[in-house]
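Below is one structure, written out as structure tokens; comments come after it.
The values are calculated or read from the model by the stated rules, or taken from the named source; none is laboratory data. This is a predicted model, so every value here is computed, not measured. Neighbour counts run over all protein chains shown; Cβ positions are idealised from the backbone, glycine included. For accessibility, only protein heavy atoms count, side chains too; no ligands or nucleic acids. Shrake-Rupley method; radii C 1.70, N 1.55, O 1.52, S 1.80 Å.
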Amino acid sequence: MFGPNVFAACLALASSISFGHTAPAVGAAVEARAVADHVVTKQTIFYPPTSYKTPRTLYGRTAQLADGTLLATWENYSPEPPMVYFPIYKSSDKGQTWTSFSTVTDQVNGWGLRWEPFLYVLPQAIGSLPKGTILCAGLSVPDDLSHTKIDLYASKDNGATWSFVSSIAEGGVAISTNGYTPVWEPFLMVYKNQLVAYYSDQRDPAHGQKLVHQVSSDAVNWGAVINDVAYPTYSQRPGMTTIAPLPNGQWIMTYEYGGGPNPKNAGYPVYYRISSSPLTFNSAPGQILNAGGTVPTSSPYVVWSPSGGVNGTIAVSANSSPEIFVNTKLGDPNSWVMYNTPQWGSYSRELRVMDNPDYLLIRYEVAELVGVYVEACV
Ligand SMILES: *[C@@H]1O[C@H](CO)[C@@H](O)[C@H](O)[C@H]1NC(C)=O
């Protein structure tokens, strides 16, 4: 499993990538990669110019291609016009160095691509998109914030060029107060030959915010909105779905539970659900993440690594904590362990298990820059 020393070394200052191992799909073979995973300390991916608007950068995400190449993107608060866009930066040496590579730009709304990008490499063909296509879902929002749309773009040339594929969901004014009707925070995953788009949804008048998904067999036509987490108390706001496969065939979903019970009285405690299918979290019980009395809060991100013994290791990041929260007992509620790291927490910090699953990448934004850190966590 990931030892405390390794984590401490590995997590400091990484903005995009932190575990040393590749995030495995369950049962997926790790392909040979040209550059072995290695420790990367405090590498800056991008330092925004002073012309950028506060917070300049936020919400970094990465993808890894079949040859080991890493791509990174983030919310990019560049001056408008021109329309805001998602930058794509590239690393061919497992996070050591990064260069500007391409951009994902709004091709349909005239609003820009503003918030909450998510990158995903298709593990199989979906519709006309071949295996290896890189997907980028994110929020298209005009500068007056009057609409929200979760749009899907794809690159069939390893991230060099991007084309609009479909619009997954559309909502109202981009204000995260109950009573408004925006959609937020997409997360993509293929399950049983279909693409699943998870997101946060304020459009249902019965719920201030709920978590939902829609399924597509071709990435173009999307099915009905299905609840994943929807609490009966209107004011409560579950948010920020991330999901990881477990080696026993189960799936773990983490989310922040706005208004949810927390013995620490802090808002947005991290909760999780475990289900035999990633399409049925709505019928699975919610469980608070409590590591010996510490309850992390806000913007969790969950991954699973085969490193760490027969059960592998679940690792969770949250905004409240520079630490990460680890579970080697398949999510058993009494088995969460908190590991110190020399990194500080940041909003919606991404975790990625690297090719060598003893390495974890943590992608963070610190002091308005986007950085990356990869550490060996064996
Ligand atoms: C694996 O997880 C199961 C279920 O929580 C637990 O009973 C078992 O002790 C774990 N194995 C190890 C080696 O930790």
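What to note about this one:
- The stretch 291-316, residues that are away from the ligand (no atom under 16 Å from the Cβ) and either part of a loop (DSSP other than H, G, I, E, B) or over 20 Å from the mean Cα position of the chain (by Cα) (or both): G292, G293, T294, V295, P296, S298, S299, P300
- So A224, is it open to solvent by 20 Å² or more (accessible area, probe 1.4 Å), more than 16 Å from the ligand (Cβ to nearest atom), more than 22 Å from the chain's Cα centre (by Cα) and closer than 25 Å to L122 by Cα: yes
- So K90, is it in a loop (DSSP other than H, G, I, E, B) and farther than 19 Å from V212 by Cβ: no
- The listed residue being closer than 27 Å to E116 by Cα, assigned to a loop (DSSP other than H, G, I, E, B) and either more than 16 Å from the ligand (Cβ to nearest atom) or within 17 Å of the chain's Cα centre (by Cα) (or both), out of Y347, Y359: Y347
- Unique match (being in contact (Cβ under 8 Å) with a residue 24 or more places away in the chain, buried (at least 19 other Cβ atoms within 10 Å of the Cβ) and not in a strand (DSSP E or B)) among P278, P238, P261, P247: P278
- Counting only residues that are open to solvent by 60 Å² or more (accessible area, probe 1.4 Å) and hydroxyl-bearing (S, T, Y), the stretch 86-104 holds 5 of them.
- Taking the stretch 185-224 as the range and being assigned to a loop (DSSP other than H, G, I, E, B) and under 25 Å from L58 (Cβ atoms) as the test, the residues that pass are Q202, R203, G208, Q209.
- Scanning the stretch 264-275 for residues that are more than 16 Å from the ligand (Cβ to nearest atom) and touching a residue at least 12 places away in the same chain (Cβ under 8 Å) yields K264, A266, G267, Y268, P269, V270, Y271.
- Among the residues listed as N327, N319, N340, the single one being within 16 Å of the ligand (Cβ to nearest atom) and either more than 29 Å from S92 (Cβ to Cβ) or at pLDDT 80 or above (or both): N327
- Pairs, first under 23 Å from V215 (Cα atoms) in the stretch 143-160, second small (G, A, S) and modelled with pLDDT under 95, C-beta under 9 Å, six or more apart: none
- Selection from the stretch 129-146 of residues that are under 13 Å from N193 (Cα atoms) and not in a strand (DSSP E or B): P130, K131
- The residue pairs whose first member lies in the stretch 300-319 and is basic (K, R), whose second member is assigned to a loop (DSSP other than H, G, I, E, B), and whose beta carbons are closer than 8 Å, counting only pairs six or more residues apart or on different chains, do not exist in this structure.
- Some residue of the stretch 246-254 being under 24 Å from S321 (Cα atoms) and at pLDDT below 95: no
- Test result for L135, modelled with pLDDT of 95 or more, buried (at least 20 other Cβ atoms within 10 Å of the Cβ) and of a type outside the set (K, R): yes
- Residue check, R203 under 23 Å from S317 (Cβ atoms), open to solvent by 10 Å² or more (accessible area, probe 1.4 Å) and out of contact with any helix residue (DSSP H, G or I) (no Cβ under 6 Å at 6 or more places or on another chain): no
- Residue in the stretch 305-320 that is more than 28 Å from L70 (Cα to Cα) and among the hydroxyl-bearing types (S, T, Y) present: no
- Of all residues in the stretch 264-275, those being surrounded by 21 or more Cβ atoms within 10 Å (Cβ to Cβ) and part of a loop (DSSP other than H, G, I, E, B) number 1.
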